[in-house]
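In what follows, a single structure is set out as structure tokens and then discussed.
Values in this text are rule-based calculations from the coordinates and carry no lab data. None of these values were measured; they are calculated from a predicted model. Reconstructed Cβ throughout: ideal geometry from the backbone, glycine too, with neighbour counts over all protein chains shown.
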Amino acid sequence: MANQMNIQDCVQNGFMLYKNNFVLLLLAGVIALVLSMFSFGILAGPLMAGTFMIVLRLIREPYAKPMVGDIFKGFELFGQTFLFTLVWVVIMIVGLKIISILPVFLEQLVGFLFSIVVLVLSQFGIILIADKKMSFRDASMAGIKLAQDQFPYLFAFTIIWVLIGSLGSILYLVGVVLTQPLAFCMIAYAYLDLFNGQGNVRQQ
């Protein structure tokens with residue numbers, strides 16, 4: 001069974017890591033966002049994997065200096081990350097389509113809760129593929145099993161990073177570029193907390 005996560009530590013350490021490596025993570029976020037958009041999402045999976053590789057190295061190797069080009073290492077895992085992203089995006093779209101038949105006041109609430117649950121189940125999939133070289137199926141099952149063990153904690157944690165991302169969306173692409181890498185840092189610390197033990201914040 002996974003360790004019990006400490007939400008406060010994951011959020012605080014995520015902020016600290018992001019602040020200490022702002023330029024690197026910002027540039028990685030820009031590359032990931034732009035290429036994902038221009039590829040209609042096809043490259044989103046491997047680019048997220050590459051971003052997580054950078055973040056994990058920053059946490060685990062305090063004196064390492066990852067390069068922004070390291071984001072492209074995620075393409076070594078193109079097949080599994082693409083399949084993982086495709087499957088969970090389809091689940092999200094189909095679920096929201098079904099929910100759209102509800103009255104408007106229920107559709108918004110149920111749609112939001114459904115979206116959060118899907119993220120709870122899937123948020124560690126890409127980082128598991130990137131770090132442990134899992135198949136998309138095994139990564140999906142690991143996320144589902146973890147959610148069964150710690151759903152209340154993961155639900156609260158997911159809402160936190162989703163709300164941060166929502167604040168970024170107010171400023172459209174500029175805000176998303178700023179908040180997306182922060183979410184990756186928080187998720188990476190949660191991943192270490194739950195699967196490998198707490199990492200230490202990398203200091204400059």
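With unit charges on the beta carbon (Lys/Arg positive, Asp/Glu negative), name the residue among P46, F112, L194 whose Cα is farthest towards the positive pole of the charge dipole of the chain. With unit charges placed on the Cβ atoms, the residue in question is P46.
Membrane-span-like helices of the chain, defined as complete DSSP H segments with a Cα extent of 15 Å or more along the helix axis and a mean Kyte hydropathy of at least 1.6, are identified as 22-38, 78-99, 104-122. Put in line by how crowded their Cβ is, counting other Cβ atoms within 10 Å and starting with the fewest, M92, M53, M67, M134 read M67, M92, M134, M53. Bridgeable lysines around K145 (alpha carbons under 25 Å apart, same-chain partners fewer than 8 residues away excluded): K132, K133.
The value given for the chain is a Kirkwood hydrodynamic radius of 17.2 Å, derived from the mean inverse Cα-Cα separation. For the stretch 102-193, the equivalent ellipsoid built from the Cα gyration tensor has semi-axes of 23, 19, 11 Å, listed from largest to smallest. The distance from the alpha carbon centre of the stretch 96-160 to that of the stretch 51-80 is 24 Å, rounded to a whole number. Taking other C-beta atoms within 10 angstrom as a stand-in for reagent exposure, T179, T51 fall in the order T179, T51, fewest first.
For the chain, a Gaussian network of Cα nodes joined below 10 Å ranks L119, L102, L194 by mean-square fluctuation, and the top entry is L102. Taking a quarter of the surface of the Cα convex hull of the stretch 1-69 gives a mean projected area of 5.8 nm². Peptides 29-41, 153-165, ordered by how many other C-beta atoms sit within 10 Å of their residues on average, highest first, read 153-165, 29-41.
When only the Cβ of Lys, Arg, Asp and Glu is charged (+1, +1, -1, -1), the dipole of the stretch 55-160 relative to its Cα centre reaches about 200 debye. The charge dipole of the chain, taken about the Cα centre with unit charges on the Cβ atoms of Lys, Arg (+1) and Asp, Glu (-1), comes to about 260 debye, rounded to the nearest 20.
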